[in-house]
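What follows is calculated from the coordinates using simple rules that are stated; it is not laboratory data. Predicted, not measured: the structure shown is a model, and the values here were computed from it. A quick note on method: Cβ atoms are made from the backbone with ideal geometry, for glycine too, and the neighbour counts reach across all protein chains shown.
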Amino acid sequence: MPLQIVHHPDYDAGFAVNHRFPMSKYKLLMEALGARGLTGPAALNMPEPAPASWLKLAHAAGYVDQVLACEVPEKIEREIGFPVGPRVSLRAQLATGGTVLAARLALLNGIACNAAGGSHHARRAQGAGFCTFNDVAVASLLLLAEAAVGNILIVDLDVHQGDGTADILGGERRVFTFSMHGDRNYPTRKIASDLDIALPDGTGDAAYLQRLGDILPELTAMARWDIVFYNAGVDVHAEDRLGRLSLSDEGLRARDDMVIRHFRALGIPVCGVIGGGYSTDVAALAARHAILFETASGFA
Ligand SMILES: [Zn+2]
């Protein structure tokens, strides 16, 4: 069976091309995946918007209601980085539903990826840092509530620290949150994960892969994980506009291969989400995000 990919055309909320958030990357990513032969009819899955009951597992009920009604206070919209109108609200619900669907497909097939998701700065009380709902936190709490899994590991390799995920899941003992990120990146006030590794500016392929290779066996020794959520943010790339690290395309590929190979060799399901990536060259950015899917397809 081909790699199961979750996508919805409304992941793209149609921002202006010069917006700080490169919204067109979702469409260009699907084109890149199509060019690589990964988007045949047997590969694609379309999510439903996540219902309020799911979203409220991870977020304050009042905030969820505000997003669904498109009545988010301006102060919070400024922290998110864009106004929450109908298209942004829908995309946040769809991206969350997409990570839930990808997680279910990963449990069935061993691996699956959402062509969105990784909104790890959204905290329990509100969104922030281009993140409206925390899709991985919602999916984790839903799978636990359904008793579909007992122990969850989150491997967050986006260049920014996973503060929102740590905020929501800090008291949840059945989920272990691991974030490896650039020390001097957003957010300035980090919320401690169960394990954080902060890397210095300019960290390149060799040092990055060494740290990662050292930590993966320690993570698997901690518990028998029923699923791993892998945030494969590409903002660790040397040419990323917001990252401060220095990975190459080959480094990204080696990173994704290392993570997926490690957990799949142990029979642990992997749910990939794309995380962050920022560039004015959106085609190059989409090609970087495509590396996760190319790599994952080798394990499907
Ligand atoms: Zn990021």
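Annotation: peptides 166-179, 78-91, ranked by per-residue average of other Cβ atoms within 10 Å with the highest first, follow the order 166-179, 78-91.
The charge dipole of the chain, taken about its Cα centre with unit charges on the Cβ of Lys, Arg, Asp and Glu (plus for the first two, minus for the last two), comes to roughly 240 debye. Computed packing ranks the peptides 99-106, 140-147, 256-263 as 99-106, 256-263, 140-147, most packed first, by mean other Cβ atoms within 10 Å. From the Cα gyration tensor of the stretch 12-107, with a ≥ b ≥ c the square roots of its eigenvalues, which class applies: rounded if a/c is under 1.5, or else prolate if a/b is larger than b/c, or else oblate? Oblate.
A Förster radius of 22 Å, combined with the Cβ-Cβ distance separating residue 52 from residue 147, puts the computed FRET efficiency at roughly 0.55.
Beta-bridge orientation, the chain: approximately 5 percent antiparallel, per DSSP, counting only bridges with both partners inside. Looking at 290, 198, 260, which one has the Cα that reaches farthest to the positive end of the dipole of the stretch 196-300 (charges on Cβ: Lys, Arg +1; Asp, Glu -1)? Farthest towards the positive pole: 260.
Taking every DSSP helix (H) stretch of at least 4 residues in the chain, weighting each as -39,500 (n - 2.57) and dividing the sum by the residue count yields a mean residue ellipticity at 222 nm of -13000 deg cm²/dmol. For residue 233, the residues whose amide H sits under 5 Å from its own are 157, 158, 276, ignoring neighbours fewer than 5 places away on the same chain, with H placed 1.01 Å from N. Find how many whole Å separate the alpha carbon centroid of the stretch 251-280 from the alpha carbon centroid of the stretch 31-78. Spelled out, the Cα-based centre of one part sits 21 Å from the other.
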